[in-house]
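Below is one structure; the comments refer to it alone.
The values are calculated or read from the model by the stated rules, or taken from the named source; none is laboratory data. The shown structure was predicted, so the numbers you read here are calculated from the model rather than taken from an experiment. Quick reminder, even Gly has a Cβ in these numbers, built from the backbone with ideal geometry, and neighbours come from all protein chains shown. Accessible surface areas use protein heavy atoms only, side chains included; no ligands, DNA or RNA. Shrake-Rupley method; radii C 1.70, N 1.55, O 1.52, S 1.80 Å.
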Amino acid sequence: QVYLVESGGGLVQAGGSLRLSCAASGSFFSIHAMGWYRQTPGKQRELVAIISNGVSTNYADSAKGRFTISRDNAKNTVDLQMSSLKPEDTAVYYCNAVTRRTHFSGFDNYWGQGTQVTVSS
């Protein structure tokens, strides 16, 4: 079992910044990738940004140029620095981790409990 604990959400005015953090703990051999997704009522959860255990990153078009994802492999943490926030960024943001239980096992997918980000206009 892997546990993901998020922090850093809150209320911010449009144009402002927020930093989300997520720490992974529990039983795993390795973390293949960590990322951030978001969801608004009535919509599907969507990718915001993801980072592999190397340096490879992938961003949603809406996040490019405004958000930066970073990872500390030694601490099993992932951060999302969000700048130039817009009201449409308002959502519950979920941390995600793709892990392996052993060197030869398949991938397991875990989610955090979510943290609310609200951007006021």
Fill in: Size of charge dipole - region 13-94 - debye, nearest 20, with Cβ of Lys, Arg +1 and Asp, Glu -1, no other charges
40 debye
Worksheet item: How large is Rg over Rh for the chain, taking Rg from the Cα atoms and Rh as the Kirkwood inverse mean of 1/r across Cα pairs?
Response: 0.98
Worksheet, complete the sentence: Given a Förster distance of 41 Å, the FRET efficiency implied by the Cβ-Cβ spacing of A74 and Q39, rounded to the nearest 0.05, works out to 0.85
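Can you give the accessible area per residue of the chain, in Å², using a 1.4 Å probe?
Details: 6440 Å² over 121 residues.
Result: 53 Å² of accessible area for each residue.
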Worksheet item: In straight Cα distance, which aspartates and glutamates are under 18 Å from K75, not counting same-chain residues fewer than 8 positions off?
Response: E6
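Between S84 and T102, 0.36 nm times their residue separation minus their Cα-Cα distance comes to what? Display every interim value, and only then the final one.
Numbers: separation 18, 0.36 × 18 = 6.48 nm, distance 4.03 nm.
Full-extension gain reported as 2.5 nm.
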Discussion item. I want to check the label-to-label distance for Q113 and Q13. Put each point 7 Å from Cα in the C-beta direction and report it in nm to one decimal.
Written reply: 3.1 nm
Response to the item:
In region 58-121 the DSSP beta bridges are antiparallel at a rate, in percent to nearest 5, of 100 percent
Response to the item:
Restricting to aspartates and glutamates and to Cα separations under 17 Å from K86, and discarding same-chain partners fewer than 8 apart, the set is E46, D61
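Tally up the carbon and sulfur contribution to the accessible surface of region 1-107 as a whole percent, 1.4 Å probe, everything protein left in place.
51 percent
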Worksheet item: Relative to the present Cα-Cα distance, how much length would full extension add between S120 and E46 at 0.36 nm per residue of separation?
Response: 24.6 nm
